[in-house]
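Trainee: My questions will all concern the structure given below.
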Amino acid sequence: LLLRWRQRRALWRKVAAAQERQERSLVRMEAAAQRFREQNPSVNPVSILTLPLPELSKKLRDGSLPPDHVFYAYVGKALQIATETNCITEFLQESESQLRKVKQMEKQGLLYGVPISIKDSINCQGHDSTLGFIKQIHKPAAEDSVVVQVLKRQGAIPFVKTNVPQSLISYDCNNLIFGQTRNPLLFTRSPGGSSGGEGALIGGGGSILGLGTDLGGSLRFPAAFCGICAIKPTGNRLSKRGVMAGIAGQKAVAAAVGPMAKDVESLALCMKALLCEDMFSLDSTVPPLPFNEEVYSSTKPLRIGYYETDFFTMPSPAMRRAVRETKQLLEEAGHTLVPFELKNVDHVVFNYCVRGLFTDGARSFVKQFKGELEKGSATLFVWVAKAPCWLKTLLRWISKPLVPRFSSIVRSLEENTVDKVWNLHQEIEDFRHQFIAQWNKLNLDVLLCPMLGPALGIGYPAKLSVAISYTMLYNVLDFPAGVVPVTLVTDEDEEQLKGYKGYYRDWWDRTLPKAFRGGVGLPVAVQCVALPWQEELCLRFMKEVETL
C-alpha cells in the first residue's frame, strides 16, 4: 500500500509539473503579445485576423505584411481562445527564434510566415506528445515529425500544441493532465475529438491552420462541432512518420494526418504545400503524387451519390436537412445527384471498426492505461476488455435481447487467432472492392453524406461511442473524406428532435437526442467523400458545397 501511495504521489507530481508548464506557456504568450503591442502600437491585429489564409500568405510572400505582425496577432488571439476553452497544452517557445529565421529566408515557401497549430500527438522536437497519458510526460520528441519538417521548409511557423482526449480513442477532448477543452461556440458543448484542441483553437479564430489526425473521425468531429473545415486524406497520402498513434501497429482501420482550417481554399493550400519533394524524400513510403491543380480547379459538372442516413445512427433533424438542402443546391447548380444505398453498416461497425481496432482483444489498448491514475471515459470499456472470456460470454448473452449493440461490441472484443486476423483483413479488402464496385456501377465522382451534429454536450461523446458510424466507415474504406459546415440548427429542428426515436430504441438511442438538445444556432456540416488518392477531387467537391 505504501509503495502504491508513493507511486501515485509521483504521478500526481508529474501532472502538476505538466500543468505548471502549460500555465508558464500561457504567461509567455501573454508577455510576447504584450511586448509586441507596446513596440508596435499602430499594428491592428483585427485586420490581420480577418484575412483568409490564401490572401494572408500572398501578403506575407509579397512583403506587404511582415511575418512578426501576423505571428503576434495570432499569439494574442490564441491566448484569448486558450483562456476561454483550454485548448492549448504548450507554447512552442522556439517559434520566436524560427520567426527571426523566417524573416531572413527567401519568400518562396507556400506557407511563408504562416503560424500553425499542431495536435499533441504530432511530434515537435523537444516537446512531449502525451496522448493524455501521464507516462508520456517528460518524454520530449527527439525530432520533428515529417509533416512538421515539411511545413517548416515551406516557411510555416508551428507555434502551439493542442489538447487531445486520453489515448486519442474518443471524440471528446478531456484528459487528467490538461483537463476538458470546451467548444468556442458554446462552452457547455464538446469541441469534438480527438483533434479537439485544434477544432477549438481554429473555430475560435486563434489559429488560421492546424494539423490533426483521424482514426475514426478525429479531424471531422472537431471541424463539424466547431464550424470549420477539415479533410481526412487517404491513409498514406501524407506521412505519418513521427506521429503517435492511439493504437500503434493496427492496420485494419486506416489513420491519416490532415489539415483543419476555416475554409476549403486553406485546406487546399496546405495540401499543396505538404505534397512536395521534401515530403517524398523525407518519407519514401509516401507515394510521390504532387497536388493536382487541374482536378481541383475543374468546373465540369459532377455526378454525386448521396444518402441521408446509414440506418445505424439515426440522423438529427438538422443533419437530415443539411444533406437535403445541399443536394438541392447542387442540383440547381447543374450537378447530377444519385441516391446511394448503404448496406449492413451494423456489420461494418462491429466486425470491421471495433474488431479491426481491437483484434487482440483490446490488449494493446488496455496496456496503455497501466500505471495511469485514471482511465477517464474508457473505464467501462477497459473493464469489459479485461474481463475473462466466461464473463464476456455471459455479458454477451444477457445483453443480447436487451441491448443488442452492446452484445455485439462485447463479441467484437474477443481475442483473435492469427488466421482470424488474416481473414478479417481479407473481409475488409473485399468490402472495399464491393463498395467501389457499387460506386462505379452508378458512375459516381463523389459522395455526399451526413456528419454527426450539432456538437454534443460535454461528457456525452463518452456515452455515445456508437455514434461514430458516419465517419469511421471511411477509415475502414480508406477513402478521403472532408467536412464543410452548411447550416445552423433551427427552432424547427429542435422541435422535431422531440420525435427522435433511433433505429434500435436502446439506451444509446435514448441518450443521443439529449446530447443534441439545446443546439439552436450551432453549425451542422455535411461530409464529402471521394475514392482513394483523389483528395483534389474531394476538395473540389467541398469547395463547391462551401460556395453554394
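The values are calculated or read from the model by the stated rules, or taken from the named source; none is laboratory data. These numbers were taken from a predicted model, which means no experiment stands behind them. Cβ coordinates were reconstructed from backbone atoms using ideal geometry, including for glycine residues, and neighbour counts include every protein chain displayed. Remember, those area values only see protein heavy atoms, side chains included, never the ligands or the DNA or RNA. Shrake-Rupley method; radii C 1.70, N 1.55, O 1.52, S 1.80 Å.
Trainee: With the checklist (1) open to solvent by 30 Å² or more (accessible area, probe 1.4 Å); (2) in contact (Cβ under 8 Å) with a residue 24 or more places away in the chain; (3) among the β-branched types (Val, Ile, Thr) in hand, flag the one item residue 299 doesn't pass.
Mentor: The failed condition is (2).
Trainee: Under the condition of being surrounded by 12 or more Cβ atoms within 10 Å (Cβ to Cβ) and in a helix (DSSP H, G or I), which residue from the range 102-112 is modelled with the highest pLDDT?
Mentor: Ranking the candidates gives 102 first.
Trainee: Output the residues belonging to the range 473-502 that are surrounded by fewer than 22 Cβ atoms within 10 Å (Cβ to Cβ), touching a Phe, Trp or Tyr at 6+ places or on another chain (Cβ under 9 Å) and not in a loop (DSSP other than H, G, I, E, B).
Mentor: 494, 497
Trainee: Check 435, 431 and return the single one that is free of Cβ contacts under 8 Å to residues at least 60 places away in the same chain, part of a helix (DSSP H, G or I), out of contact with any helix residue (DSSP H, G or I) (no Cβ under 6 Å at 6 or more places or on another chain) and crowded, with 17+ Cβ neighbours inside 10 Å.
Mentor: 435
Trainee: Among residues belonging to the range 310-352 that are of a type in the set (A, V, I, L, M) and part of a loop (DSSP other than H, G, I, E, B), point out the one that is least open to solvent (accessible area, probe 1.4 Å).
Mentor: Per the criteria, the residue is 342.
Trainee: Another one. Out of the residues in the range 87-97 that are part of a helix (DSSP H, G or I) and touching a residue at least 60 places away in the same chain (Cβ under 8 Å), state the one that is nearest to residue 271 (Cα to Cα).
Mentor: Result: 95.
Trainee: Looking at residue 377, is it in contact with a Pro (Cβ under 8 Å, 6 or more places away or on another chain), part of a helix (DSSP H, G or I) and not assigned by the TED database to the domain that holds residue 305?
Mentor: yes
Trainee: Any residue in the range 311-331 that is over 17 Å from residue 446 (Cα atoms) sitting within a Cβ distance under 8 Å of a residue that is basic (Lys, Arg) and open to solvent by 40 Å² or more (accessible area, probe 1.4 Å)? List the pairs, counting only those 6 or more apart or interchain.
Mentor: 314/501
Yes/no matrix, rows are residues, columns are (1) in contact (Cβ under 8 Å) with a residue 12 or more places away in the chain; (2) open to solvent by less than 30 Å² (accessible area, probe 1.4 Å); (3) hydrophobic (A, V, I, L, M, F, W, C); (4) part of a loop (DSSP other than H, G, I, E, B):
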position	(1), (2), (3), (4)
504	yes, no, no, yes
511	yes, yes, no, no
515	yes, yes, yes, no
521	yes, no, no, yes
524	yes, yes, yes, no
527	yes, yes, no, no
533	yes, no, yes, yes
536	yes, yes, no, no
539	yes, yes, yes, no
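Trainee: Further question on the same structure: Does residue 84 count as at pLDDT 95 or above, open to solvent by 50 Å² or more (accessible area, probe 1.4 Å), of a type in the set (Asp, Glu) and not in a strand (DSSP E or B)?
Mentor: When the stated conditions are applied, residue 84 passes them.
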